[in-house]
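Worksheet: one structure, shown below.
Just so you know, all these numbers are worked out from the coordinates, no wet-lab data involved. All values derive from a computational prediction rather than experimental measurement. Ideal geometry is used to build each Cβ from the backbone, glycine not excepted, and the neighbour counts take in all protein chains shown.
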Amino acid sequence: MQQAIRIIGIDPGLRRTGWGVVESLGNSLRFVGAGTVRSDDKAPLAARLCQLHDGLAGVLRDAAPDEAAVEQTFVNKDASATLKLGQARGIAMLVPALAGLAVAEYAPNAVKKTVIGVGHGDKKQIHMMVKVLLPKASFDGDDAADALAIAICHAHHRQSLAARLAIA
């Protein structure tokens, strides 16, 4: 008998890191939870990274996922902002890795293509399709909705990803 796999999707950000948890069984998905871990933007960078770490560690303890998926960062024109986002992304990858989870990474366009059918779309389209795919989902903002989209993307791609890793 096949067992449900619990997946946490993480949308990294220094101010707000979204998280979303789904259970995947075959082709069906079930909403488990979603939210946002926030850091104090007036605190020093190291303290903010600790806040993200501690918040995500608490989510992982409570949600007990089997696998994790994190959105890859994109490079923008502001090198300082890109570096800070990269540090937040490092926390987003470190926390599940320390918990013993495999961590998959997906480009933003891959997430959008999986969830809304095209590689470019806006936040409204992501919200709408997350609600279509997970009718019971509730989320507190864009970051949590994006995190659910990342979890959905991983649920759809995890079988082919596992097959590719087994070959390598």
> Please state the relative contact order of the chain as a whole percent: Cα pairs under 8 Å, 6+ residues apart?
Replying inline: 31
> In the stretch 29-135, which chymotrypsin sites (Phe, Trp or Tyr not before Pro) fall in coil by DSSP and have 12 or fewer other Cβ atoms within 10 Å?
Replying inline: 74
>> I'd like the distance between the alpha-carbon centres of the stretch 13-31 and the stretch 85-133, rounded to an integer number of Å.
In response: 9
>> For a test of the definition: using alpha carbon positions, the gyration tensor, and the 1.5 limit on a/c, classify the stretch 71-154 as rounded, prolate or oblate.
In response: oblate
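Please go through the residue pairs 42/136; 113/136; 112/136 and name each one whose alpha carbons sit more than 30 Å apart in this structure.
In this structure, 42/136 exceed 30 Å between Cα atoms.
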>> Please compute the modelled spin-label separation between residue 156 and residue 5, points set 7 Å along Cα→Cβ, answer in nm with one decimal.
In response: 1.5
> What value, in deg cm²/dmol to 500, does the helix sum -39500 (n - 2.57) over DSSP H runs of n ≥ 4 give at 222 nm once divided by the residues of the chain?
Replying inline: -17000 deg cm²/dmol
> Given a Förster distance of 25 angstrom, what is the FRET efficiency for residue 30 paired with residue 118, based on the Cβ-Cβ distance and rounded to 0.05?
Replying inline: 0.45
> Out of these labelled values of P(r) over Cα pairs in 10 Å bins from 0, in percent, [x] 10, 37, 40, 13, 1; [y] 11, 41, 36, 11, 1, 0; [z] 9, 29, 22, 17, 13, 7, 2, 1, 0, which was calculated from the coordinates shown here?
Replying inline: [y]
> For residue 110 and residue 40 in one chain, what is 0.36 nm times their gap in residues minus the Cα-Cα distance, to one decimal in nm?
Replying inline: 22.1 nm
> Given the Cα-Cα distance of residue 131 and residue 54 and 0.36 nm per residue of separation, how much length would full extension add, in nm?
Replying inline: 24.9 nm
> In the Gaussian network model of the chain, springs joining C-alpha atoms below 10 Å, which of 24, 80, 138 carries the largest mean-square fluctuation?
Replying inline: 80
> Hey, got the dipole for the stretch 1-69? About the Cα centre, +1 on K and R Cβ, -1 on D and E Cβ, debye to the nearest 20?
Replying inline: 200
> What is the fewest-to-most order of 157, 53 by other Cβ atoms lying within 10 Å of their Cβ?
Replying inline: 157, 53
> Hey, with R₀ at 30 Å, roughly what FRET efficiency would residue 99 and residue 76 work out to, going by the Cβ-Cβ distance, to 0.05?
Replying inline: 0.50
